[in-house]
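**Student:** Encoded as structure tokens, here's the structure I'll be asking about.
The values are calculated or read from the model by the stated rules, or taken from the named source; none is laboratory data. Remember, it's a predicted structure, so these values are computed and weren't measured experimentally. As a convention, Cβ positions derive from the backbone with ideal geometry for all residues, glycine included, and neighbour counts pool all protein chains shown. Ligands, DNA and RNA are stripped out before the accessible areas are found, and what is left, the full protein with its side chains, is counted by its heavy atoms. Shrake-Rupley method; radii C 1.70, N 1.55, O 1.52, S 1.80 Å.
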Amino acid sequence: MLKEFMYTTEQNNEDLEDKNIQSSTTPQILQDNNTSEHEEIKENVFSETEETKPQMEENCCPPRGTLNKIITNGMLLAGFTIRNVPFLSKHVRISNTWSSTLRNIALTVILIRAGLGLDPKVLKHLKGVCLRLSMGPCLMEACSAAVISHFLMNFPWQWGFLLGFVLGAVSPAVVVPSMLVLQDNGYGIEKGIPTLLIAASSLDDILAITGFNTCFSIVFSTGDILRNIIASFRDIIIGVIVGTVLGIFVQYFPSRDQTNIPLKRTFLVLSMCVSAVLGSHHLGKHAAGGLCTLVLTFIGGMKWSKEKIRVQKIMSSVWDIFQPLLFGLVGLEVSVASLKSNAIGVSVATVCLALLVRICFTFSLMSFAGFNFKEKIFIALSWMPKATVQAVLGPLALERARISAPHLEPYSKDVMTIAFLAILTTAPNGALIIGSLGPKLLTRHDPKEITLELTRLELH
């Protein structure tokens, strides 16, 4: 009995600690009759951000924050060096099968974190501006990259759109930590700009990955294009149905009377999602596994309450392990010897032009959302960093071409090269732009005197 009382007390203390962390993250002033509703909204808004705060992590293993970024970028260059230095490439070899499996597991971790990061209440209160920011720039960059690569690099249209969705995803690994720093210092919190960008980044990735999987199925399928499109929609439906069923299952299993529920839930979800992604690739239904993962984690997380935060923290630690490994494998795929003489220049031009279209379109979309000129510039420039999704999707076409369509290797190598250059140019520069321009372009308010009230935002 005493042991049970001590366990209950410990759980209550942990809950109180979570509440204190969340309340310190959000400024407090406006009090009215809907205070309890606002507290519930704030808790869900920052459920995703709690597990990514580097300054709130007491331990340093695995590495987080600045150290993690340095290691990650170093691994990208390390893999590139190993591949292109003759002495190193001769003695260091990695199996293509292992490389493919590890990248697919990394993709699964990204999708799990994206699904857990979606909250229906946050999406409801951010309304149209979140959907516009997550869908509009991604689709516009995908279309512009397709057009640019078609005329500049002689890409077929289907390969152009595949490349476009590789480039179209923004990197939460860069955006989220940078926004949390600005938010903690009170920049842009009155209009909820950090919250908006954090919430939209997950939706942006989901759209890019779904679009890539559809184009991927079309590119590597034979027969009528219409039939391939119908097959892609069939895979999407299968993924949604299976994900819904499994999502309902993980809402109730493991049961709440067990110990270490967050840890058990994390590994149950991780094992199910990895099986879904790897199994769908083995069966040739590439879109099904990714959507199954997203739907499963989104539906499952809806019933986990505060335990969802702890699951996200564990998944964040898993990602901290896979992220440097993933970037090292990406760098290993880029061979300078196999590049055409003008490939790098044309690839950089493609990335820059598509990115310019994205920035201008983002600025235009935010012109109707109640932000001032400086805030619109900041949001547009903050929506450019690329890293994690490009690292996962970039090599997929190359490995598939090696297995089943060697005649398509030149296109897949170009896609890989462009993804590599996009990471190398936008990830560090994007983080620098956000960190340096945020304090200059955003209005600062004391976090202790302002309440982040989503319903108060004039976002249409």
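**Student:** Between Leu356, Pro324, Gln258, whose Cα lies farthest towards the positive end of the dipole of region 258-408 when Lys and Arg beta carbons carry +1 and Asp and Glu beta carbons carry -1, centred on the Cα centre?
**Tutor:** Gln258
**Student:** Take the solvent-accessible surface of the protein heavy atoms, probe 1.4 Å, and return the percent of it on region 105-200 that carbon and sulfur atoms account for. Each step should come with its number before you reach the end.
**Tutor:** Numbers: 1810 of 2620 Å².
Answer for region 105-200: carbon and sulfur cover 69 percent of the accessible area.
**Student:** Continuing with this model, one more query. For a label point 7 Å from the Cα of Leu356 along Cα→C-beta, name the residues of region 134-161 whose backbone N is under 20 Å from it.
**Tutor:** Counting only backbone N, you get 137-155.
**Student:** Over the Cα atoms, compute the radius of gyration (one decimal) and Dmax (the largest Cα-Cα distance, rounded to a whole number) for region 218-319, in Å.
**Tutor:** Just the Cα atoms of region 218-319 yield Rg and Dmax of 15.8, 53 Å.
**Student:** Short version: what are the Cα gyration tensor semi-axes of region 180-236, square root of 5 times each eigenvalue, largest first, in whole Å?
**Tutor:** Numbers: eigenvalues 325, 15, 8 Å².
Each semi-axis is √(5λ); the values are 40, 9, 6 Å.
**Student:** Under unit Cβ charges (Lys, Arg +1; Asp, Glu -1), what dipole magnitude, rounded to 20 debye, does region 183-280 have relative to its Cα centre?
**Tutor:** 300 debye
**Student:** Please give the net charge around Cys273, taking every other residue with its beta carbon less than 13 angstrom from that of Cys273, where Lys and Arg add +1 and Asp and Glu add -1.
**Tutor:** Neighbourhood net charge equals +2.
**Student:** Tell me, what are the semi-axes, in whole angstrom and largest first, of the equivalent ellipsoid of region 350-440 as set by the roots of 5 times the Cα gyration tensor eigenvalues?
**Tutor:** 33, 14, 9
**Student:** Holding the Cα-Cα limit at 25 Å, pick out from Lys90/Lys386; Lys121/Lys191; Lys313/Lys386; Lys121/Lys386 the pairs that are longer than that.
**Tutor:** Numbers: Lys90/Lys386 31 Å; Lys121/Lys191 17 Å; Lys313/Lys386 23 Å; Lys121/Lys386 27 Å.
Checking Cα-Cα distances, Lys90/Lys386; Lys121/Lys386 exceed 25 Å.
**Student:** Under a crude label model (7 Å from the Cα following the beta-carbon direction), how far is Glu409 from Phe151 in nanometres?
**Tutor:** Output for this residue pair reads 3.2 nm.
**Student:** I've got another one for you. Work through the residues other than Met384 whose Cβ is under 13 Å from its Cβ and net out their charges, Lys, Arg +1 and Asp, Glu -1.
**Tutor:** So the environment of Met384 carries a net charge of 0.
**Student:** What full-extension length gain, to one decimal in nm, is calculated for Asn429 and Phe368 as 0.36 nm per residue of separation minus the Cα-Cα distance?
**Tutor:** Roughly 19.2 nm would be gained on extension.
**Student:** Please calculate how many Å² of accessible area region 130-198 carries per residue, with a 1.4 Å probe and no DNA, RNA or ligand atoms counted.
**Tutor:** It amounts to 27 Å² per residue over region 130-198.
**Student:** Here's a follow-up. Would region 84-164 count as rounded, prolate or oblate if I go by the C-alpha gyration tensor, calling it rounded below 1.5 in a/c and otherwise prolate when a/b exceeds b/c, oblate otherwise?
**Tutor:** oblate
**Student:** Assuming R0 = 45 Å, can you tell me the calculated FRET efficiency for the pair Arg93 and Ile230, based on Cβ-Cβ distance, to the nearest 0.05?
**Tutor:** 0.65
**Student:** Continuing with the same structure: With the full set of protein chains in place, find how many percent of the accessible area of region 271-382 is carbon and sulfur; take the probe as 1.4 Å.
**Tutor:** 71 percent
**Student:** Would you mind calculating the gained length between Lys440 and Val240 on full extension (0.36 nm times residue separation, minus the Cα-Cα distance), in nm to one decimal?
**Tutor:** Once the chain is fully extended between Lys440 and Val240, it gains 67.7 nm.
**Student:** Which order do the peptides 417-429, 258-270 come out in when sorted by mean C-beta neighbours inside 10 angstrom, highest first?
**Tutor:** On the way: 417-429: 22.4, 258-270: 15.8.
Result, highest mean Cβ count within 10 Å first: 417-429, 258-270.
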